[in-house]
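Engineer: Take a look at the following structure, please.
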Amino acid sequence: MSVYGSCHCGKVQIKSPSPPEWVADCNCSLCRRLAWRVAYYPPEQVRIAGETTAYVWGDRMIGIHHCPVCGCGTHWQTLGEDFGKMGINARLLDGFDESAIEVRKFDNADQASR
Ligand SMILES: [Zn+2]
């Protein structure tokens, strides 16, 4: 069952192949600020429609995308190397309920994490 989502203004639309079974709550320097809950999927199964702006930092292996209009973080994606996965911000998915899903704490506070 596909799940749909969008940023706040609706310019960026997300389609994932299934509801996330769990999400990551990462405490790296960026996620701590953005409060993302990340769900992982193979990139070929996710559709992102609409223009996004990528923020790249640290080891420069991934782009952290957000909507340039409303600012919502939408997804992250590798910049070249094939990780076999990408992350989408599950908070943007329709009906996302953090209390109804497993939230895995990722302890990356000491590194420039993905
Ligand atoms: Zn937006």
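The values are calculated or read from the model by the stated rules, or taken from the named source; none is laboratory data. Since the model is a prediction, treat every value here as computed from it, not as a measurement. In this analysis, Cβ positions are derived from the backbone assuming ideal geometry, glycine residues included, and neighbour counts consider all displayed protein chains. Just so you know, the surface numbers come from the protein's heavy atoms only, side chains and all, with ligands and any DNA or RNA stripped out. Shrake-Rupley method; radii C 1.70, N 1.55, O 1.52, S 1.80 Å.
Engineer: Mind giving me the FRET efficiency for THR53 and PHE106? R0 is 30 Å, r the Cβ-Cβ distance, nearest 0.05 is fine.
Structural biologist: Working: r = 24 Å, r/R0 = 0.80.
Efficiency for this residue pair is about 0.80.
Engineer: Find the accessible area per residue for the stretch 72-112; the probe is 1.4 Å, ligands and nucleic acids are left out, and the unit is Å². Spell out each step's value before the answer.
Structural biologist: Values: 2430 Å² over 41 residues.
Averaged over the residues of the stretch 72-112, the accessible area is 59 Å².
Engineer: Which of CYS67, ALA90, ASN27 sits closest to the plus end of the dipole of the chain, meaning its Cα is farthest towards the positive end, when Lys and Arg get +1 and Asp and Glu get -1 on the C-beta?
Structural biologist: CYS67
Engineer: Next up: Using a 1.4 Å probe on the protein chains only, how many percent of the accessible area of the chain belongs to carbon and sulfur?
Structural biologist: Numbers: 2990 of 6440 Å².
Of all accessible area on the chain, carbon and sulfur atoms account for 47 percent.
Engineer: Then there's this: Work through the residues other than TYR4 whose Cβ is under 12 Å from its Cβ and net out their charges, Lys, Arg +1 and Asp, Glu -1.
Structural biologist: Working: positive: LYS15, ARG47; negative: ASP94.
Net of charged neighbours comes to +1.
Engineer: Which value, in Å² rounded to 10, gives the accessible area of LYS15 with a 1.4 Å probe and all protein chains present?
Structural biologist: 60 Å²
Engineer: Return, in residue-number order, each cysteine of the chain whose C-beta is not under 4.7 Å from any other cysteine's C-beta.
Structural biologist: CYS28
Engineer: On to the next question. Working with all protein chains in place, sort ASP59, ASP94, ASP25 by solvent-accessible area computed with a 1.4 Å probe, largest first.
Structural biologist: Working: ASP59 80, ASP94 105, ASP25 25 Å².
Descending accessible area places them as ASP94, ASP59, ASP25.
Engineer: Continuing with this model, one more query. Determine the calculated [θ] at 222 nm for the chain from helices alone, applying -39500 (n - 2.57) to every DSSP H run no shorter than 4 residues and normalising by the residue count; nearest 500 deg cm²/dmol. Working shown, then result.
Structural biologist: Details: 1 runs with 4 residues, N = 114.
Helix-only estimate at 222 nm: -500 deg cm²/dmol.
Engineer: Turning to a different aspect of this structure: Any chance you could run the full-extension gain for LEU79 through ASN27? It's 0.36 nm times the residue separation minus the Cα-Cα distance, nm to one decimal.
Structural biologist: Details: separation 52, 0.36 × 52 = 18.72 nm, distance 2.20 nm.
Taking LEU79 through ASN27 to full extension adds about 16.5 nm, to one decimal.
Engineer: For ASP94 and MET61, calculate 0.36 nm times their separation in residues minus their Cα-Cα distance, and state this gained length in nm to one decimal.
Structural biologist: Details: separation 33, 0.36 × 33 = 11.88 nm, distance 2.88 nm.
Result for the pair: 9.0 nm of gain on full extension.
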